[in-house]
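Chemist: Below are the structure tokens for one structure; questions will follow.
Derivation of every value follows stated rules applied to the coordinates shown; laboratory data play no part. Being a predicted model, the structure only gives us computed values, none of them experimental. Ideal geometry is used to build each Cβ from the backbone, glycine not excepted, and the neighbour counts take in all protein chains shown.
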Amino acid sequence: MSTKSEWERANQAYLSAALQWLRVRLAQASPATVASAAPVVASTAPSWWRRGAGIAPAVAPTTPAAIPDDGAVAAARAAMASAEESTPPPALRLLADACGLSTFERQTLLLCAALEIDSGFAAACARAQGDLAKPHPTFALALALLEEPSWEALAPERPLRALRLIEIAPSGSQALIAAPLRIDERVAAFLKGLNYLDERLATLCSPIEELAAPASDALPLAQQAVVDAFEHGVRSGASLLHLHGASARERLALAGSLAQRLGLGALTLPADVLPARGVELDAFIQLWRRESLLLPLLLVVELADGETAPDAVCARVQRLAARIHAPVVVSAQDALGSLPPETLVGEARRASAGEQRAAWQHALVALGDDAEALAARMAGQFDLDFATIAATAEHALAEGDRTALAARLWSACTQRARPALRQLARRIEPRADWDALVLPAHEKEQLRRIAEQVRQRGRVYDDYGFRARSHRGLGITALFCGESGTGKTLAAEVLAGELGLALYRIDLSAVVDKYIGETEKNLRRVFDATEDGGAILFFDEADALFGKRSEVRDSHDRYANIEINYLLQRMEAFTGLAILATNMKHALDVAFMRRLRFVVNFPFPGAAERRAIWASAFPAATPRDGIDLDQLARINLSGGSIQNVAMNAAFLAAEGGAPVDMPHLLDAVRMEMRKLERSTHGARAPATAPRAVQ
């Protein structure tokens, strides 16, 4: 038998033969005294029997029916056995073999299924039990009617109850053997040839789609090794697997590849929806154990990136794995220490830079000789998984215009950090260029060196072998020191514009949390979001976050130091660009200074620098008249204050309908001085006519 439709016809033929055997057995077991009876009113039947619209009430026959002899029963039994010999076997045989049902348990399940297939069996059950108020199967009926009866089938640990193949609905003080039996809806569908995930689990779990589960040979080498080890472990009897590292998407792909190797379907379950209460967890375990036999399945319990599993979650997962007799993968960013020692642990390491370069080159093969250089540039800046590389390249190539392909690829990769940072940082759109940055030559040269290192790190780290020596210290970090308004944020903008990367100013009020442990979680989110290399982190007023580690005087001091130590470790391994800005360099921990590759001082601008800042303070479209740059340069203001004065003067001029001139500027200077609580002595009106500079 080669097609699904052929199997469905054979399965239907088997069900027809099996139900005919049941009819004969029920008719043979019916009390001979029941020749006619009052109608079986539909309202006496349970609601699950009366599910079809327009079904007339079942009425007992008004004329006696001949009781089948043993020959009729044997013939029906032989026909059922013959229909069972199909290849593949019918669904009831498959289920019985998978769940370990005895002959009696299997026939009991068939008896319960009969009412879901043919409503006429309700009246037959009532007649067989001599009670028209019992239009349903019971264990008592099964024990009297079916082959190889066994009281053991009633035990809670036997499959009928342990796997929730049937439901028992006793009422009041009714004995177990007299309670109505009903087949589970999911099991009834399976017997009819429909194999789908129980809806009670489908609402909690999500399938790992085929695209998210690549063949294991399409994974990075380190991840292929994990799949090999996990496959060997499962085939050797391991049931609890722990996968950590990389991103949730990569762990999902690895788990999907493992499921393919094992010939299993794969479903993910968020850890926070795994039932916590004992009764609910037991019900989940029963359902999953049954589903793992019928489908079968690999369960992946997924902890969200940046979260730590409470011991209670690990305990529930351990209980789950021990009872479902099927493999369970616990996926988390960090290794979990509360799982049992027998847990098989694997780390999902991200593809190496060389593997990513090869993946980019393969994805861009349509470019011919140009693919290698572009692949090297992309792999040198971004740290992406294979699926993201392939999807990004495919989308960019599909747009057709090859001249702007590199720009489209770059833009797509820089977009990846935005959603994860939205609540913790503010994106700054780079608008300034090098000409807008007024700094001494040495400091400006240091900024250019930072940009050069970001551009060339792929070549130095990979081609020159530095990454192979150590994974620590590969992050490019810079400290911008200087008073407020001296150009630190402007310099970060210039670097972001030069490198084509997104710039995020970290909102310290959102990162630093008063609750113990929350700051570390927020920091993790910030760094994880930029590990792909598509953004620059700009920590303004970093001394508030990266302050000196304190002596431990209470629990808050201890946890504050833990957060700082965590931060030090992340900076040491950070693969992106982190810029820290402070106006109190002396407040920073010495340990931070050792880990900073660049320290750029932003001095308060002198007269020459102030004159240059004033010269570029106004856009070309701003009307001006008689501005004396030399006089303005003598006013002791920072670059940020000069920008404030320029804008305020423009508003004063616009209100008067005149060009910006010195009176407007000097009024704006006095406003700025008062805001800064400084003397306005340097903002006096000129004694002689100024030299006009446009």
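Chemist: Just want the ordering: LYS134, LYS488, LYS675, from fewest to most Cβ atoms lying within 10 Å of their own Cβ.
Modeler: Exposure proxy ranking, most exposed first: LYS675, LYS134, LYS488.
Chemist: Turning to a different aspect of this structure: Quote to one decimal, in nm, the extra length available between ASP401 and ARG594 on full extension: 0.36 nm per residue of separation minus the C-alpha distance between them.
Modeler: 64.9 nm
Chemist: Where Lys and Arg each count +1 and Asp and Glu each count -1, what net charge lies around HIS471 among other residues with Cβ under 14 Å from its Cβ?
Modeler: Net charge in that neighbourhood comes out at +2.
Chemist: Which ³J(HN,Hα) values in Hz, rounded to whole numbers, follow from the phi angles of region 610-617 under the Karplus curve 6.51 cos²θ - 1.76 cosθ + 1.60, where θ = phi - 60° and Gly and Pro get x?
Modeler: Result, rounded to whole Hz: 5, 5, 5, 5, 4, 5, 10, 6.
Chemist: Pop the C-beta distance of TYR566 and ALA81 into the FRET formula with R0 = 60 Å and round what comes out to the nearest 0.05.
Modeler: The pair TYR566/ALA81 has a calculated efficiency of 0.35.
Chemist: Packing-wise, with mean Cβ within 10 Å as the measure, how do 595-602, 619-626 rank, highest first?
Modeler: The packing order, highest mean first, is 595-602, 619-626.
Chemist: Now for a separate question. What is the Å³ per residue value for the convex hull set by the Cα atoms of region 607-683?
Modeler: Cα convex hull per residue, to the nearest whole number: 77 Å³.
Chemist: Just order 463-473, 79-89 by mean Cβ neighbour count inside 10 Å, highest at the front, would you?
Modeler: 79-89, 463-473
Chemist: Still on this structure, please answer the following. List the pair-distance distribution P(r) of region 252-335, using every Cα-Cα distance, as the percent of pairs falling in each 10 Å bin from 0 up to the bin containing the longest distance, rounded to whole percents.
Modeler: Computed distribution, short to long bins: 17, 53, 28, 2.
Chemist: Taking K and R as +1 and D and E as -1, what net charge do the other residues with C-beta under 13 Å from the C-beta of LEU364 add up to?
Modeler: It works out to a net charge of 0.
Chemist: Hey, can you grab everything whose amide H is under 5 Å from the amide H of VAL345? Only 5+ residues off in sequence or another chain; H modelled, so Pro and N-termini drop out.
Modeler: HIS242
Chemist: To continue, here is another question. I'd like the Karplus ³J(HN,Hα) series for region 340-351: coefficients 6.51, -1.76, 1.60, θ = phi - 60°, whole numbers in Hz, and an x wherever there's a Gly or Pro.
Modeler: With coefficients 6.51, -1.76 and 1.60, one gets x, x, 6, 4, 8, 10, x, 9, 8, 7, 5, 4 Hz.
Chemist: Taking neighbour Cβ counts within 10 Å as the exposure measure, how do ARG594, ARG23 sort from fewest upward?
Modeler: If I rank by nearby Cβ atoms, fewest first, I get ARG594, ARG23.
Chemist: Pop out the ³J(HN,Hα) list for region 247-262 in order, Karplus 6.51 cos²θ - 1.76 cosθ + 1.60 with θ = phi - 60°, rounded to Hz; leave Gly and Pro as x.
Modeler: So the J values, rounded to whole Hz, are 9, 4, 5, 5, 5, 5, 4, 5, 5, x, 5, 4, 4, 4, 4, 8.
Chemist: Return the long-range amide H neighbours of ALA432 (sequence gap of 5 or more, or a different chain), with a cut-off of under 5 Å between placed amide H atoms.
Modeler: Answer set, sorted by chain and number: none.
Chemist: Still on this model: List every residue whose amide H lies under 5 Å from the amide H of ILE476, counting only residues 5 or more places away in sequence or on a different chain, with H placed 1.01 Å from N in the peptide plane.
Modeler: GLY576, ALA578
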